[in-house]
């Protein structure tokens, strides 16, 4: 089964200044024509299929900013639909997990926790299991 990659791009200066990722985080994925929506916003809805591996990474617009994903929570994790784990060194870390809907075909929300220069922030997104 294929993989779907999701990239989180953060304007770290604006996020730290405002105290929020709303309007300061931009998510995109590699689905192309498969139908993900809200790309370029902090509320990406990624279309996934059973058995597919979802992979998340984060990058800052400011090269010298410290940005990392620190964890996932919400219905996606609680229901066991996908439980991402970190791999790789912190400076080049990705989080990945297999989509295991167990018969559920719906939009399932999740929260991504980020650390920006040591400050914790989060954003809400979802996977749409088809």
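How much of the DSSP beta bridge set in the chain is antiparallel, as a percent to the nearest 5?
70
Would the range 31-87 count as rounded, prolate or oblate if I go by the C-alpha gyration tensor, calling it rounded below 1.5 in a/c and otherwise prolate when a/b exceeds b/c, oblate otherwise?
oblate
Under the rule a/c < 1.5 gives rounded, and otherwise a/b versus b/c splits prolate from oblate, where does the range 89-130 land using the Cα gyration tensor?
oblate
So for the chain, what are the equivalent ellipsoid semi-axes in whole Å, largest first, each being the square root of 5 times an eigenvalue of the Cα gyration tensor?
The answer is 24, 15, 13 Å, longest axis first.
Any chance you could check the Cα centroid distance between the range 85-119 and the range 1-60 for me, in angstrom?
Taking the Cα centre of each part, the range 85-119 and the range 1-60 sit 10 Å apart.
Where a number appears in this text, it was derived from the coordinates with a stated rule and is not lab data. Given the structure is predicted, the values throughout are model-derived calculations rather than measurements.
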